[in-house]
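Below is one structure; the comments refer to it alone.
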Amino acid sequence: MKNFVPKGIIPAMVTPIDEKGRINESALRKLTNHLIDGGVHGLFPVGSQGEFFSLTFEQKKEAIRIVVDETRGRVPVYAGTGAVTTREAIETTQMAQDWGVSAVSVITPYFLVPSQKELIAHYTAIAKACPDLPILLYSNPDRTQVPFPTSTVLELAAVDNIVGVKDSSGDMSMTGEYIRLTRGMNFHVLMGRDTLIYAALCYGAAGSICATANVDPRVPVEIYEAFIAGDHKRALDAQYRLAPLRVAFGLGTFPVVVKEALNMIGIEAGPAILPVGPMTPENREKLRKVIADMGMLKK
């Protein structure tokens with residue numbers, strides 16, 4: 001496997017749908033270009049923000065195909081290919097590889113809670129099934145209830161094509177240990193909690209997979225680019241500007257808030273997939289103010 005280094009700001013893309021629940025191809029292509037024009041360093045379709053858990057296998061295939069096609073090699077495409085069973089995760093990962101993605105991110109199983117031995121076997125099987133494809137682990141214990149201790153990550157980091165982890169735990173002590181213990185290995189930690197991008201970069205993270213980047217990718221990109229340039233003040237100021245949008249995620253049921261924000265700025269993300277409903281009118285107005293303060297509403 002060629003050496004692949006996941007880095008920079010990689011938006012966890014929304015999956016736009018129309019009123020009949022079909023993928024809105026034109027909106028997904030528009031979103032792809034909106035993000036690339038905003039300076040992102042990669043794209044991540046069919047992740048948690050992309051409602052992978054609500055998409056059929058064919059819809060996942062369609063979304064990945066569209067993003068890879070529209071990207072035209074301008075940035076790497078990382079696809080979300082996690083599933084409850086090892087069999088389905090392998091099938092989804094192989095499908096994404098066939099469409100030409102650069103890497104995949106595989107969330108832990110959810111609903112069931114595998115032992116750490118079973119979790120290691122799960123990821124090892126996926127890696128062996130696609131030995132030439134870079135694979136990112138994905139830890140999100142708040143959603144999955146599956147812990148991802150440092151001992152497990154360290155063991156999986158030794159697998160040749162497991163090249164990193166997206167850490168959405170929100171636990172900087174855990175993130176820091178992932179980074180410290182894998183120093184010198186071909187393994188890279190990406191922050192998955194948008195309010196902690198700057199903090200994670202300071203500790204040695206390689207970048208961030210972040211949902212807020214859908215709306216105004218320039219802000220998280222500024223955090224990363226300013227940090228790399230050594231301008232810590234500008235990086236921290238950008239982090240402060242981004243925080244209100246991430247905090248606003250609590251105004252609706254995940255993942256509807258980013259979809260409604262995109263609708264506000266003219267990208268037809270559509271509704272969230274049922275049973276997730278729309279935001280209340282009162283909370284929609286609160287979100288509109290956050291978006292206006294970011295300068296993203298057209299006058």
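If you go through segment 58-103, how many residues are out of contact with any strand residue (DSSP E or B) (no Cβ under 7 Å at 6 or more places or on another chain) and among the aliphatic types (A, V, I, L, M)?
5
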* Asked: Do the conditions hold for L245, that is, is it closer than 17 Å to P217 by Cβ and modelled with pLDDT of 95 or more?
  -> yes
Note on segment 112-133: residues within 20 Å of the chain's Cα centre (by Cα) and within 27 Å of F254 (Cβ to Cβ) are Y123, I126
Per the list (1) in contact (Cβ under 8 Å) with a residue 40 or more places away in the chain; (2) more than 19 Å from the chain's Cα centre (by Cα); (3) closer than 17 Å to I10 by Cβ, residue check on F227 breaks on (1)
Among A272, A238, the single one that is buried (at least 20 other Cβ atoms within 10 Å of the Cβ), in contact with a Phe, Trp or Tyr (Cβ under 9 Å, 6 or more places away or on another chain), at pLDDT 95 or above and in a loop (DSSP other than H, G, I, E, B) is A272
Q) Just to be sure, is Q94 modelled with pLDDT of 95 or more, polar (S, T, N, Q) and under 25 Å from V215 (Cβ atoms)? A) no
* Considering every residue within segment 85-95, establish whether at least one is under 21 Å from N24 (Cβ atoms) and of a type in the set (K, R). => no
Filter segment 1-11 for residues that are more than 12 Å from the chain's Cα centre (by Cα) and of a type in the set (A, V, I, L, M, F, W, C); the one that is modelled with the lowest pLDDT is M1
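I'm checking my understanding of the structure. Among residues of segment 151-188 that are aliphatic (A, V, I, L, M) and under 15 Å from S208 (Cβ atoms), which one is surrounded by the most Cβ atoms within 10 Å (Cβ to Cβ)? Please lay out each step first, then the result.
From segment 151-188, those aliphatic (A, V, I, L, M) are 153-154, 156-159, 162-163, 165, 172, 174, 179, 181, 185; that's our starting set.
Going one step further and asking which of them are under 15 Å from S208 (Cβ atoms), we end up with 165, 172, 179.
Numbers: V165: 26, M172: 16, I179: 19.
Result: V165.
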Selection from segment 55-74 of residues among the β-branched types (V, I, T) and surrounded by fewer than 20 Cβ atoms within 10 Å (Cβ to Cβ) yields T56
Reported set for segment 10-28 where residues are of a type outside the set (S, T, N, Q) and assigned to a loop (DSSP other than H, G, I, E, B) is M13, V14, P16, D18, E19, K20, G21, R22
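Can you pull out the residues in segment 194-215 that are surrounded by fewer than 22 Cβ atoms within 10 Å (Cβ to Cβ) and at negative phi?
Matches in segment 194-215: T195, A199, L201, C202, Y203, A206.
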Here the residues within segment 181-209 that are over 17 Å from A226 (Cβ atoms) and part of a strand (DSSP E or B) are H188, V189, L190, I209
Of the residues in segment 12-42 that are at pLDDT 95 or above, more than 23 Å from V106 (Cα to Cα) and among the small types (G, A, S), the one that is surrounded by the fewest Cβ atoms within 10 Å (Cβ to Cβ) is S26
TODO: Tell me, please, whether a residue that is farther than 17 Å from A12 by Cβ and out of contact with any Leu (no Cβ under 9 Å at 6 or more places or on another chain) can be found in segment 203-219.
DONE: yes
Exercise for the section: Can you confirm whether segment 167-182 contains a residue that is more than 22 Å from V14 (Cα to Cα) and of a type in the set (F, W, Y)? Expected result: yes
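The values are calculated or read from the model by the stated rules, or taken from the named source; none is laboratory data. In this text, all values refer to a predicted model and were calculated from it rather than measured experimentally. With ideal geometry, Cβ positions are generated from the backbone for all residues, glycine too; neighbour counts draw on all protein chains shown.
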